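Q: This is the structure I have questions about; it appears just below.
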Amino acid sequence: MLRTTLILAAAAIGASAAAAPALAQQNEQYMPALVYRTGPYAPNGIPFANGVMDYWNLVNERDGGVNGVKLVGEECETGYATDKGVECYERMKGKGPTGASYFSPLSTGITFALTEKVPADKIPLLTMGYGRSESRDGSVFPWNFIAAGSYWTAADVAIQHIAKEFGGLDKLKGKKISLVYHDSPYGKEPIPALEARAKQDGFIFKAIPVTHPGVEQKSQWLSIRQDRPDYVLLWGWGVMNPTAISEAAAVGYPRDKIIGVWWAGAEPDVVPGGEQSVGYKALMLQHGAGKYPVHADIEKFLIAKGKAQVKAEDAGHVLYNRGLLNSMIGVEAIRTAQKKFGNKPLTGEQIRWGFENLDLTAARIKELGFEGMIQPMKFSCMDHQGADVARVQQWDGKGWKIISDYYTADRKILDAMVKDAAAKYATEKKITPRDCSKES
């Protein structure tokens, strides 16, 4: 299903404007959105999609667009299925006066598929906090932007937090840490980083797959009851997450010994479990739940006027906030590109330059109303991730409480992994890496 959502206020074209759609389109930036508002992943997909669309809408309503260029968002339902995601991409990539600005698939499987396509089409992929971890290397992956953190970042930070609870990294030796993961490219992504940390820190690592969509996990949790790991990491999505918490409770595994990845750390993951979820922990993709100055603008310009996709009581939830952040990064990439190419609709290739030269300083984050949600991040030809930090939060039955300071992933381990994996990909795909020392 292709669901069109015109966020351009003028899209409610009256009689006087009906004769000028072509002229209006000339000053529009086409913004495709791959979403899933149906199926087992919808509880998590809906709030993210609402945040994405509401931020684009806010920029139009409050600012009149990006330097006068209106954003036109259009959704395409993927159901989290890779084949449907690719179909949406093919249908949307050439639309608008300059083609698609960028794609943000919210699916590692779709990201893997589109990584093969975007170089030919010259369209950026914004995969904030998911996708191929080695795509941080912009010399091999010039079109992928895994902003804010990779799954290797998440795995490394999770181990650091567990070590801190035990009293130090040296206390990990001999401990058992298991990973319950969605048996897909998404769920498998952290395994190399966890294996590397197990080798370095001396803990016993076990990976336990769960078949899509994750509603049947009894055998996995019976195995955990038998193994008695000291900690469990959860790499689930959608219905898999509350199911995992419920099964953990059923076998008596303590929820405060489970850390979910940031895609297993939102309200839809814990609210269904009620008291069973109390104590459960999850990583934060820097931000968590809560409201910040940008939410006041959303209330004023969208919610109060009946133009928001989010319900007022849900604004400030984890995944809604992540959708806002995702769109903010994309819009700032467009704004950055406009400084070089002019205040007009831009091509995907021009916006790619904007991503690669994006510098979100503390001052700019404050100006945008996101102060306190994220830390500064800066991208470059070589670094398409821009940041490498995360925190840990814990569910108390009523809300998420931040229980750690920022951890920085161990670059001594991860940089070598990124370099090796990117080099392997370049060899397999016959890619000649860019020489970033010769690019501005």
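Q: How much length, in nm to one decimal, is gained on full extension between ILE403 and LYS307, taken as 0.36 nm per residue of separation minus their Cα-Cα distance?
A: Once the chain is fully extended between ILE403 and LYS307, it gains 31.0 nm.
Q: Taking R0 as 30 Å, what FRET efficiency do you get between LYS344 and LYS424 from their Cβ-Cβ distance, rounded to the nearest 0.05?
A: Efficiency, rounded to the nearest 0.05: 0.15.
Q: Taking the Cα centre of the chain as origin and charging only Cβ (+1 Lys, Arg; -1 Asp, Glu), how large is the dipole, in debye to the nearest 20?
A: Numbers: 52 positive and 49 negative charges, 60 e Å.
It comes to approximately 280 debye.
Q: Please identify the GluC sites (Glu not before Pro) of the range 159-234 that satisfy two criteria: DSSP loop assignment and at most 12 other Cβ atoms within 10 Å. Which are they?
A: Within the range 159-234, the qualifying GluC sites (Glu not before Pro) (loop, at most 12 other Cβ atoms within 10 Å) are GLU216.
Q: In deg cm²/dmol, rounded to 500, what helix-only [θ] at 222 nm does the chain give when every DSSP H run of at least 4 residues adds -39500 (n - 2.57) and the total is split over its residues?
A: -11500 deg cm²/dmol
Q: Could you give the nm distance between label points at ASP256 and ASP396, where each point is 7 Å from its Cα heading toward the beta carbon?
A: A separation of 1.3 nm, rounded to one decimal place.
Q: Would you mind checking the tilt of helix 82-92 against the longest principal axis of the Cα atoms of the chain, expressed as 0 to 90 degrees and rounded to 10?
A: 10 degrees
Q: Let me ask something else. Calculate, in nm to one decimal, what ALA362 and LYS378 gain on full extension: separation in residues at 0.36 nm each, minus their alpha carbon distance. Walk me through the numbers before you get to the answer.
A: Details: separation 16, 0.36 × 16 = 5.76 nm, distance 1.08 nm.
My answer for the length gained is 4.7 nm.
Q: Here is a further query. Run the 1.4 Å probe and let me know the accessible area of TRP263, rounded to the nearest 10 Å².
A: The value for TRP263 is about 10 Å².
Q: Of HIS212, HIS287, which has the most accessible area with a 1.4 Å probe, and how do the rest follow in descending order?
A: Output order, biggest surface exposure first: HIS212, HIS287.
Q: Among TRP152, LEU172, HIS287, which residue has its Cα positioned farthest towards the positive end of the charge dipole of the range 132-288, with +1 placed on the Cβ of Lys and Arg, -1 on the Cβ of Asp and Glu, and the dipole taken about the Cα centre?
A: LEU172
Q: Further, regarding this structure: To the nearest 10 degrees, how steep is helix 218-227 against the longest Cα principal axis of the chain, on a 0 to 90 scale?
A: With rounding to tens, the tilt is 40 degrees.
Q: Next up: Assuming 0.36 nm per residue, please report the length gained on full extension of the stretch ASP415 to ARG434 beyond their Cα-Cα distance. Let's see the in-between values first.
A: Details: separation 19, 0.36 × 19 = 6.84 nm, distance 1.75 nm.
Value of the extension gain: 5.1 nm.
Q: With +1 on the Cβ of every Lys and Arg and -1 on the Cβ of every Asp and Glu, and nothing else charged, how large is the dipole of the range 304-436 about its Cα centre, in debye rounded to the nearest 20?
A: I would put it at about 420 debye.
Q: Quick one: helix 191-201 against the long Cα principal axis of the chain, what's the angle to the nearest 10°, folded into 0 to 90?
A: 40 degrees
Q: What are the lysines whose alpha-carbon lies under 24 Å from the alpha-carbon of LYS300, with same-chain residues fewer than 8 places away excluded?
A: LYS70, LYS291, LYS311, LYS366
Q: What accessible area per residue comes out for the range 15-143, rounded to a whole number of Å², with a 1.4 Å probe?
A: 30 Å²
Q: Something else: So if R0 is 22 Å, what FRET efficiency would GLU275 and ASP314 give, r being the distance between their Cβ atoms, rounded to the nearest 0.05?
A: Efficiency, rounded to the nearest 0.05: 0.50.
Q: Name the most mobile residue of VAL232, VAL52, VAL271, meaning the one with the largest mean-square fluctuation, in a Gaussian network model of the chain with Cα contacts below 10 Å.
A: VAL271
Q: Compare ILE402, ILE259, ILE123 in a GNM of the chain, Cα atoms joined below 10 Å, and give the one with the largest fluctuation.
A: Maximum fluctuation in the GNM of the chain, among the listed residues, is at ILE402.
Q: Heavy atoms of the protein only, probe of 1.4 Å, neighbouring chains included. What is the accessible area of ASP314 in Å², nearest 10?
A: 50 Å²
Q: Here is a further query. Roughly what would the spin-label model give for GLN26 and ARG228, points 7 Å off Cα along C-beta, in nm?
A: 7.5 nm
Q: Based on alpha-carbon centroids, what's the gap between the range 241-279 and the range 60-99 in Å, whole number please?
A: 34 Å
Q: Would you work out the charge dipole size for the range 275-340 about its Cα centre, treating the Cβ of every Lys and Arg as +1 and the Cβ of every Asp and Glu as -1, and quote it to the nearest 20 debye?
A: Numbers: 10 positive and 6 negative charges, 80 e Å.
It works out to roughly 380 debye.
Q: Counting only heavy atoms of protein chains, what accessible area per residue, in Å², does the range 303-440 have with a probe of 1.4 Å?
A: Numbers: 6570 Å² over 138 residues.
Result: 48 Å² of accessible area for each residue.
Q: How large a share of the accessible area of the chain, in percent, is made up of carbon and sulfur atoms when the probe is 1.4 Å and the other protein chains stay in place? Provide the component values of the computation, followed by the final result.
A: On the way: 8920 of 16880 Å².
Its accessible area is 53 percent carbon and sulfur atoms.
Q: Where the centroid of each part is defined by its Cα atoms, how far is the range 145-215 from the range 349-377 in Å?
A: One Cα centre to the other: 29 Å.
Q: Where the convex hull is taken over the Cα atoms of the chain, what is its projected area averaged over directions, in nm²?
A: Dividing the Cα hull surface by four gives the mean projection, 20.3 nm².
The values are calculated or read from the model by the stated rules, or taken from the named source; none is laboratory data. Since the structure is predicted, the reported quantities are computational estimates derived from the model, not experimental observations. With ideal geometry, Cβ positions are generated from the backbone for all residues, glycine too; neighbour counts draw on all protein chains shown. Side chains included, ligands, DNA and RNA excluded: accessible areas come from the protein's heavy atoms. Shrake-Rupley method; radii C 1.70, N 1.55, O 1.52, S 1.80 Å.
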